Every structure is written in C-alpha cells, then in structure tokens.
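The values are calculated or read from the model by the stated rules, or taken from the named source; none is laboratory data. Model, not experiment: these values are computed from the prediction. Heads up, the Cβs are rebuilt from the backbone with ideal geometry, glycines too, and the neighbour counts pull from every protein chain shown.
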C-alpha cells in the first residue's frame with residue numbers, strides 16, 4: 001500500500017491494520033475477513049471456487065475506511081496452491097485530528113511470482129505441492145458492491161468475459 005506517496009512498511013500495529021473481505025460467487029456467501037500479515041502478505045486456505053475481493057479496509061485509530069477494489073480470482077482444481085499476485089494500492093488519504101478519509105485510490109495487480117513463491121516456501125517449509133500462477137484480475141467491469149449485494153447472476157457473464165469459468169458447487 002502506498003499511502004500519500006509513501007509505501008507502508010508495517011500493515012498491523014496498535015494503531016493501523018488492513019483486512020480483506022472475500023465473497024465466493026458460487027454460493028454468494030462471505031467467506032472471510034482476513035488480516036494481512038505485518039509485512040503485507042497473506043496466505044489463506046479457501047474452498048475451490050471463484051471469488052470477489054469486495055472490500056479492502058484500512059483501520060487507523062481515527063476510524064475505518066473501506067475501498068471497493070473490483071478484484072476477482074479463481075481457485076481451480078488443477079493445483080494445491082495458487083499464486084494470486086501482488087495487489088498494489090495507491091491511496092490519497094486525508095487526515096485530521098478526529099478522522100481519516102480516503103480521497104482516491106488506484107488498484108493494480110503485479111506478477112512477482114519468483115520473489116513471492118520464495119516467501120511461501122519459507123512460511124510453509126513442508127509444503128510439497130505445486131503452486132500455480134492464477135493472478136487476480138482488476139477490471140472496471142466488475143461492479144463495486146457490498147457483501148450483501150453480491151448475487152451470482154450479476155457476475156456470471158462479467159466474470160466469463162474476463163476468462164473465468166464458474167465452478168459447480170456440490
């Protein structure tokens with residue numbers, strides 16, 4: 001995260017944190033609000049399926065502010081682990097003594113597979129499975145929605161046009 005031109009070095013402290021909300025499209029359910037690690041990385045075990053990252057939420061002692069990032073990704077059936085990429089958030093934030101307000105933000109997904117796979121192997125030294133690259137997709141056609149507004153029918157055609165094949169949930 002780039003905060004007013006300065007890259008964050010610590011994503012969890014007594015006064016700040018970043019968390020992420022996922023929705024699995026196949027069953028329209030909120031899966032998790034997960035905090036990233038202090039270095040900004042995250043590693044999750046999630047059921048196979050197609051996901052929307054519906055909210056990034058930054059907290060400071062003055063309050064929360066959400067960002068709706070228009071991000072989707074897919075966890076398929078052909079690997080044990082998936083590399084999603086590096087999510088870059090460039091935010092302009094206005095702060096006062098009593099509040100924090102996001103003025104604007106941009107989102108980008110970077111492919112840093114070589115560097116990031118090394119982080120994964122350090123974090124899970126016994127992992128022997130394959131790691132497939134399946135980068136998150138950021139696209140303006142993905143509607144900006146809250147968790148309660150996610151309906152599979154709204155996203156099927158959009159995600160298919162982005163190359164996602166929706167899976168059957170059993």
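Kindly provide the set of residues from segment 85-132 that are under 21 Å from residue 17 (Cα atoms) and within 15 Å of the chain's Cα centre (by Cα), ordered by number.
85, 86, 87, 88, 89, 90, 105, 106, 107, 108, 109
Does segment 146-167 contain at least one residue that is at pLDDT 80 or above and under 27 Å from residue 25 (Cα atoms)? Walk me through how you get there before you give the answer.
Looking only at segment 146-167, we keep the residues that are at pLDDT 80 or above, and these are none.
No.
Is it true that residue 109 is surrounded by 14 or more Cβ atoms within 10 Å (Cβ to Cβ), modelled with pLDDT under 85 and in contact with a strand residue (DSSP E or B) (Cβ under 7 Å, 6 or more places away or on another chain)?
Numbers: surrounded by 14 or more Cβ atoms within 10 Å (Cβ to Cβ): yes; modelled with pLDDT under 85: no; in contact with a strand residue (DSSP E or B) (Cβ under 7 Å, 6 or more places away or on another chain): yes.
No: the conditions fail for residue 109.
Scanning for something within 13 Å of the chain's Cα centre (by Cα), at pLDDT 85 or above and in a strand (DSSP E or B), does segment 35-51 turn up at least one residue?
So far as segment 35-51 goes, yes, one or more of its residues are within 13 Å of the chain's Cα centre (by Cα), at pLDDT 85 or above and in a strand (DSSP E or B).
Yes or no, residue by residue, for (1) in contact with a helix residue (DSSP H, G or I) (Cβ under 9 Å, 6 or more places away or on another chain); (2) within 20 Å of residue 43 (Cα to Cα); (3) in a strand (DSSP E or B); (4) in contact (Cβ under 8 Å) with a residue 12 or more places away in the chain:
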{"site": "82", "(1), (2), (3), (4)": "no, yes, yes, yes"}
{"site": "88", "(1), (2), (3), (4)": "no, yes, yes, yes"}
{"site": "94", "(1), (2), (3), (4)": "no, no, yes, no"}
{"site": "120", "(1), (2), (3), (4)": "no, yes, no, yes"}
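Could you figure out which of (1) more than 11 Å from the chain's Cα centre (by Cα); (2) buried (at least 19 other Cβ atoms within 10 Å of the Cβ); (3) in a loop (DSSP other than H, G, I, E, B) isn't true of residue 69?
For residue 69, the exception is condition (1).
May I ask you to say which residue of 55, 104 is exposed (fewer than 11 other Cβ atoms within 10 Å of the Cβ) and in a strand (DSSP E or B)? Steps first, please.
Working: 55 fails: exposed (fewer than 11 other Cβ atoms within 10 Å of the Cβ).
When all the criteria are applied, what remains is 104.
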